[in-house]
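Let me begin by presenting the structure, written as structure tokens, before commenting on it.
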């Protein structure tokens, strides 16, 4: 159903949300200390109102029991991916999960090879996949070109073979890149020519900061690539509901899907009825709520980029997607800039956790006052060096 988000949405975003005292993982990390948390990718903004309404409606029923996947959740996901990612997926391709992280760890156990190839820097759980599954890890560093991070296709080509799985992240966390169609097609060519498996984490694909931006699910570019792929989606980042664990693994090949489902047995739990209700509402929404959030985040991204650019010793990568700024602090000479900045009241994600010492990740998904105070503290920290 089409509807307009009421005008107070802009004020609600700018005000942010005070989450202290709610057992928020983000805020509890620094409880009792004067450190503002800008680390984990969990926004201090209101969860989508239609998501809250859907959860409240489900709570009107007196039982919260084990739940099979509702038909309306399946249809909602199919519709969202078709509209936002240009990919039409069949219902029997879908495997439902409580999160994307268990999703790509199951993929590593299921694909039958011996090695995972991980482009770096990358979201830290990617760097634990090989050890979790008893596989060998090969890192393929991204190339930094004129302020952008790009795939090093020569290095990637040398790293991939039929025994490997490529752990791909698009939009990219932490650099904020949206890979273009030409880049995706080159990755697809390497997967098909090498015989490797593609595991694509696309959890941030709803947070696109420019109105003209478009996310393409790489597996949808080629039917043969579909058969060599596991694609992971979730509504939890874009609609700000990470505490409601729900994700989908899209696995077109039936044999691979059967191995994947077998690998889940015994340690991957089901999805809760509240998470299904929330996800269905998120994927069905056709209002301007998500566009409003993305416009607000785009403004915050510009604020961070401008503030960091005015400081000596730091450089922020321009953000195309996600609510995350990737900051190069190598010129400061600190082994861990994030640890050093904690001493100045700013809690960032350490670059070393992403495979990039000397960098830090800044989550700007927060209200205006918190962002301004964080940037003030950052500026004062640099002035004291």
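Nothing in this text is a laboratory measurement; each read-out follows from the coordinates by a stated rule. Quantities reported herein were computed from a predicted structural model and do not represent experimental measurements. Cβ sites come from the backbone with ideal geometry, for glycine too, and all protein chains shown count toward neighbours.
Report, for the chain, the % of DSSP beta bridges that are antiparallel, rounded to 5. Please report the intermediate quantities before stating the final value.
Values: 20 of 40 bridges.
Approximately 50 percent, going by the DSSP bridge assignments.
By how many nm would the segment from residue 75 to residue 306 grow when fully extended, if each residue of separation counts as 0.36 nm and the alpha-carbon distance is taken off? Provide the component values of the computation, followed by the final result.
Working: separation 231, 0.36 × 231 = 83.16 nm, distance 4.16 nm.
Between residue 75 and residue 306, full extension yields an extra 79.0 nm.
Could you work out the relative contact order of the range 63-284? I mean the mean sequence separation of Cα pairs under 8 Å and 6+ apart, divided by the number of residues, in percent.
Working: 411 pairs, mean separation 65.9, N = 222.
The value is 30 percent.
I need the peptides 30-37, 216-223 ranked by packing, meaning the mean over residues of other C-beta atoms within 10 angstrom, with the highest value on top. Intermediate results must be reported in sequence, preceding the final value.
Details: 30-37: 14.2, 216-223: 20.2.
Going by the mean number of other Cβ atoms within 10 Å, highest first, we get 216-223, 30-37.
Counting alpha carbon pairs within less than 8 Å and at least 6 residues apart, what relative contact order, in whole percent, applies to the chain?
Numbers: 764 pairs, mean separation 98.2, N = 385.
For the chain, the relative contact order is 25 percent.
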Review point. Separation of the range 327-362 and the range 136-167 by C-alpha centroid, Å?
Key: 24
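What's the FRET efficiency of residue 368 with residue 56 using the Cβ-Cβ distance as r and R₀ = 30 Å, to the nearest 0.05? Before the final figure, lay out each step's value.
Working: r = 28 Å, r/R0 = 0.94.
Calculated transfer efficiency: 0.60.
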Exercise for review: Go ahead and run the numbers for FRET between residue 28 and residue 288, Cβ-Cβ distance against an R0 of 30 Å, rounding to 0.05.
Suggested key: 0.35
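Based on other C-beta atoms within 10 Å, arrange 163, 194 from fewest to most. Display every interim value, and only then the final one.
Values: 163 16, 194 20.
The order, fewest Cβ neighbours first, is 163, 194.
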Review point. Extent of the range 259-385 along each principal axis, from alpha carbon coordinates, in Å, largest to smallest?
Key: 52, 38, 23
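Can you sort 38, 354 so the residue with the fewest Cβ neighbours within 10 Å comes first?
Working: 38 29, 354 22.
So the residues, fewest neighbours to most, are 354, 38.
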**Study point:** Share, in percent, of DSSP beta bridges within the range 63-284 that are antiparallel, nearest 5
**Key:** 35
Review point. So which residue, out of 44, 201, 15, gets the largest mean-square fluctuation from a GNM of the chain using Cα contacts under 10 Å as springs?
Key: 15
**Study point:** Simple spin-label estimate for residue 162 and residue 146 in nanometres, 7 Å along Cα-Cβ
**Key:** 4.0
Point to revise | Cβ-based exposure ranking for 231, 236, 68, 303, in which fewest neighbours within 10 Å come first | key: 68, 303, 236, 231
Review point. Hey, how many Å between the Cα centroid of the range 58-102 and the Cα centroid of the range 226-278?
Key: 8
